[in-house]
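The values are calculated or read from the model by the stated rules, or taken from the named source; none is laboratory data. Note that the structure is a prediction, hence the values are computed from the model and not measured. Here the Cβ is made from the backbone with ideal geometry for all residues, glycine too, and neighbour counts use every protein chain on show. Note: areas computed on protein heavy atoms with side chains; ligands, DNA, RNA excluded. Shrake-Rupley method; radii C 1.70, N 1.55, O 1.52, S 1.80 Å.
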Amino acid sequence: MADEAERVGETGGVIEREVRIAASPEIVFELLTDAEQYVRWKGRKARLDARPGGEFWVEINDVAIAAGEYVEVDPPRRVVFTWGWEGNDAVPPGSSTVEVTLEADGDGTILRLLHRDLPEPAVADHAHGWDLYLSRLIEVGAGKDPGPDPNSG
């Protein structure tokens with residue numbers, strides 16, 4: 001599998017992606033759950049309290065703020081959090097769920113993402129977003145700088 005987002009699927013309000021990241025599951029897990037590490041690949045500010053019931057909050061820009069809460073945290077194998085957008089009636093905070101599983105693959109990690117419970121009209125935009133951000137996560141995991149978040153301005 002190439003180090004880019006594999007389009008596993010996008011049907012029925014569900015997005016599935018699988019990528020290989022050139023970093024251990026422990027490093028990838030930290031990139032997903034530590035606020036300072038998270039903003040290296042997505043958003044400009046984050047508040048992440050990675051424990052069940054803890055806050056998931058990421059400011060992409062002035063109008064795009066993702067919010068939800070952690071449902072499951074199993075280092076370094078799995079993280080599940082609810083997802084939605086502040087001020088968005090179509091996908092309000094906590095209205096959908098993101099599940100990320102990590103599996104060691106030699107000196108890297110296979111990341112599988114499942115984003116479910118999205119309204120059908122929101123699937124394409126979210127799929128595009130995950131493709132962008134997973135490609136940036138691959139870069140950061142490989143020790144590279146992906147540059148500023150293109151959506152932060």
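Tabulated data for the structure shown
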quantity	calculated
Residue selected from region 46-55 under the condition part of a strand (DSSP E or B) and touching an Asp or Glu at 6+ places or on another chain (Cβ under 6 Å), by the criterion nearest to PRO148 (Cα to Cα)	ARG47
Residues of region 1-45 that turn out to be in contact with an Asp or Glu (Cβ under 7 Å, 6 or more places away or on another chain), modelled with pLDDT under 95 and assigned to a strand (DSSP E or B), as a count	3
Options GLY106, GLY13; residue that is on the phi > 0 side of the Ramachandran plot and either open to solvent by 60 Å² or more (accessible area, probe 1.4 Å) or under 12 Å from the mean Cα position of the chain (by Cα) (or both)	GLY106
Residue in region 72-82 that is out of contact with any Phe, Trp or Tyr (no Cβ under 8 Å at 6 or more places or on another chain), more than 17 Å from GLY108 (Cα to Cα) and of a type in the set (Ser, Thr, Tyr) present	no
